[in-house]
Amino acid sequence: MTRSYEYVCPECENTVERDFRVPSIVRSCENDCGFDHYIRTDLLEKVEAVPEEDRPDEWDEMDNEKKVYVALKEGVLSLPDLQ
Ligand SMILES: [Zn+2]
């Protein structure tokens, strides 16, 4: 049995599945979002677990990769999560 991992478009939340596990994949989104970093959905869920008081003021404007970085800094994510 092969596992698959789900990745989500940061712009339109379109998802794709791949059978490999990486933090993000760069692909051209079929919904005209252009080239985007699709982020693994379980990473994104953890990123959303960053408590509001630990989020920078510009959180809502930050792209997902920056949010991943904040989550790492806050200890919500750890390096093994990124593998
Ligand atoms: Zn998209």
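The values are calculated or read from the model by the stated rules, or taken from the named source; none is laboratory data. Worth saying up front: this structure is predicted, and the values here are computed from it rather than measured. Glycine gets a Cβ as well: all are built from the backbone with ideal geometry, and neighbour counts include every protein chain shown.
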Quick test for you: out of Asp57, Asp36, Asp32, pick the one residue that is within 15 Å of the ligand (Cβ to nearest atom), assigned to a loop (DSSP other than H, G, I, E, B) and either out of contact with any Leu (no Cβ under 9 Å at 6 or more places or on another chain) or of a type outside the set (A, V, I, L, M, F, W, C) (or both).
Asp32
So Asp57 ticks every box in (1) surrounded by 14 or more Cβ atoms within 10 Å (Cβ to Cβ); (2) over 12 Å from the mean Cα position of the chain (by Cα) but one. Which box is left unticked?
(1)
So for the range 72-81 (the condition being at pLDDT below 95, hydrophobic (A, V, I, L, M, F, W, C) and assigned to a helix (DSSP H, G or I)), does at least one residue qualify?
yes
Could you please give the count of residues in the range 7-24 that are in a strand (DSSP E or B), touching an Asp or Glu at 6+ places or on another chain (Cβ under 9 Å) and either surrounded by 14 or more Cβ atoms within 10 Å (Cβ to Cβ) or basic (Lys, Arg) (or both)?
4
